[in-house]
Amino acid sequence: SLHIMKKYISIAVLLAVLVAVVPASMVGAVPAFQGEDYTVQADDWLSKLADKFYGDTTAYWAIMSATNKANVEDASYAKIENPDTIDVGAKLLIPPQDEAVAFMADFDPAAGNIDVLFGSGEGGQMLVGNWWTAGGEFAGVNEVYKIYRAEYPDVELVHAGIAGGAGVNFQAANLNKLIAGDPYDAFMLHAGLEAELYSPEEFLTPVDDILAEAGVLDVMPEDLTALLKIRGNTYTVPLNIHRGNVMWTNTRLLEQAGVAVPTTFDEFFAACEALQAQGIVPLAQGTSDGFELGQTFEVALAGTVGADNVKGLFNGSVPWSDPGVTQALENYKKMLDCTNEDRGTLNWVGATHMVINDQAAFNIMGDWAYGEVINLGATDYVTWNSPPGNQGQFFLVSDGFAIPKQAPNPENARKFVEIITRKEAQEAFNQNKGSICARTDCDYSTFPADRRAYFQGSADDFATNAIIPMVTHGSGAIPSWQQQFGQIVTQFS
């Protein structure tokens, strides 16, 4: 409902990239600049150029917009998707000062109106809202973009990525845009009850007909299709299936320390003591993205009480006063004692990199972390195991896309979500992202040899394990419960 949306907006951190305070005017800062083409030098960045030409560092948005719009007509101009990154030798269009002043007067970063930062092709724009900005994540979605751009070259597809693990920052910007009537054309969300955050009957377009026309329903797993239904309608087109409970393991450090991979909590805590005695951080943990502590506790909870009981805690059949919950909290507390002291300064990516960089033995995280392992070439020594007590359990996390009812380019959005249902798109995406397909007919033998075993193993586990919806990632509980669950775990931690 609208009042729930407003509550979420009031507590959210808005666009990580779009944080500049727009000045009322740049008039009079320096003599009026008339505009020119500019070639990026080695020590250039956009805000520095804005200061040079306009006397205002925040006016770099005007340079980005002018250059991107020029790119639509003339590919010799750069296309700037990230204002923090410009390549040496790139050709920019520095607009005249009066045009920059007019642009900045209308541009509102807090409203998230980033569509004005990009050009529009003959077929319009396709503004894709998402939180995939890390290496493996962007590498995956960029494969889908390549297919779309090849088939619809007259459409200007815009990757509107907002950093923040599990979408904590993106959701706030997305809510702002939905309520303001200026939404993305399609936006990312987790399959399941997360759609309730966006009052789906009021703001979202059902996609049942798209899934039926694409002929994908017969090859989507039943556990996933059941998760997608909300009061009889489907609002999310799924792109993948992540496993939320994986213990990423640095085999080099375990061999160095003479420690075996633990399977129970007792073995894990014994390994923790042995690793700490040798100056090795046992369990890498980040917390700054806001979801990581809840993620780790859910995994510890399931490992302590079992799959049926953890599902029962959220459907009401098992009371939270159950002794197993108390034991899970004790186990979780001991796990926190095994983590790095600077966990508050890291996010999930930083914690995953600790394992990759030989700084920690384990990291308990979903297999989106495998995208980082792949991207950084660590598949030969960073492997995967079940966290303590999690054998035979598969935490289901699925990423997908929804189409707002007021999407500016609805036909472009329909084409985009139709593409993500395809086998070739899902195979191209998931071999980079670390997840398996949201279809049962993907051929993992075609994936690169160094990562093939994980994907086939994950697909086999999904077919045989107990499937558990994950609260932290929007599939296991309604948004208000998800929020309170995360707050309680954070306070406990």
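The 3J(HN,Hα) values that the Karplus relation (6.51, -1.76, 1.60; θ = phi - 60°) gives for region 131-145 are, in residue order, 10, 8, 10, 6, x, x, 5, 5, 4, x, 5, 5, 5, 5, 4 Hz. Gly and Pro appear as x. Taking amide H atoms as placed 1.01 Å from N in the peptide plane, the amide H of Thr234 lies under 5 Å from those of Val207, Asp208, each 5 or more residues away in sequence or on another chain.
Here the relative contact order of the chain, from alpha carbon pairs under 8 Å that lie six or more residues apart, stands at 20 percent. Considered as an equivalent ellipsoid built on the Cα gyration tensor, region 37-113 has semi-axes of 18, 14, 12 Å, the largest given first. Evaluating 6.51 cos²θ - 1.76 cosθ + 1.60 at θ = phi - 60° for every residue in region 376-389, the Karplus couplings come out as 9, x, 10, 5, 7, 9, 9, 10, 10, 8, 6, x, x, x Hz, glycine and proline recorded as x. Taken over region 396-493, the percentage of Cα pairs per 10 Å bin, counting from 0 up to the bin with the maximum distance, is 13, 32, 31, 21, 3. Could you tell me which of the pairs Lys146/Lys423; Lys177/Lys405; Lys79/Lys177 are separated by over 21 angstrom between their Cα atoms in the structure shown? Lys79/Lys177, as the Cα separations exceed 21 Å there. The listed residues Leu46, Leu227, Leu217, once ranked by accessible area (1.4 Å probe) with the largest placed first, stand as Leu217, Leu227, Leu46. Considering only alpha-carbon pairs that sit under 8 angstrom and 6 or more positions apart, the relative contact order computed for region 102-182 is 39 percent. Taking all protein chains as shown and a probe of 1.4 angstrom, His473 keeps an accessible surface of around 0 Å².
For a straight C-alpha distance cut-off of 24 angstrom, the lysines reachable from Lys311 (same-chain residues fewer than eight places away being disregarded) are Lys229, Lys333, Lys334. Local charge for Gln456 was computed over the other residues whose Cβ lies under 14 Å away, with Lys and Arg +1 and Asp and Glu -1, and equals -4. Near Ala191, the amide H atoms lying under 5 Å from its own belong to Ser398, Asp399, Gly400; only residues 5 or more places off or on other chains count, and H is placed 1.01 Å from N.
Carbon and sulfur: what percent of region 261-314's accessible surface (1.4 Å probe)? Whole-percent figure for carbon plus sulfur exposure: 47. For region 183-299, the relative contact order is 19 percent, taking Cα pairs closer than 8 Å that sit 6 or more residues apart in sequence and dividing their mean separation by the residue count.
Each residue was assigned an accessible area with a 1.4 Å probe, and for Val168 the value is about 60 Å². For the chain, the antiparallel share of DSSP beta bridges with both residues in that region comes to about 65%.
Collect residues whose amide H, placed 1.01 Å from N in the peptide plane, falls under 5 Å from the amide H of Val155; neighbours closer than 5 in sequence don't count. Close amide H contacts, sequence-distant or interchain: Gly123.
A 1.4 Å probe over all protein chains sorts Thr39, Thr440 by accessible area into Thr440, Thr39, starting with the largest.
Against the empirical 2.2 N^0.38 Å (N residues), the chain has a Cα radius of gyration ratio of 1.01. A 1.4 Å probe run over the protein chains yields, for the chain, 39 Å² of accessible area per residue, whole-number rounding.
The values are calculated or read from the model by the stated rules, or taken from the named source; none is laboratory data. All values derive from a computational prediction rather than experimental measurement. Glycine also receives a Cβ, built like all others from the backbone with ideal geometry; neighbour counts cover every protein chain displayed. Accessible surface is based on the protein model in full, side chains and every heavy atom, while ligands, DNA and RNA are left aside. Shrake-Rupley method; radii C 1.70, N 1.55, O 1.52, S 1.80 Å.
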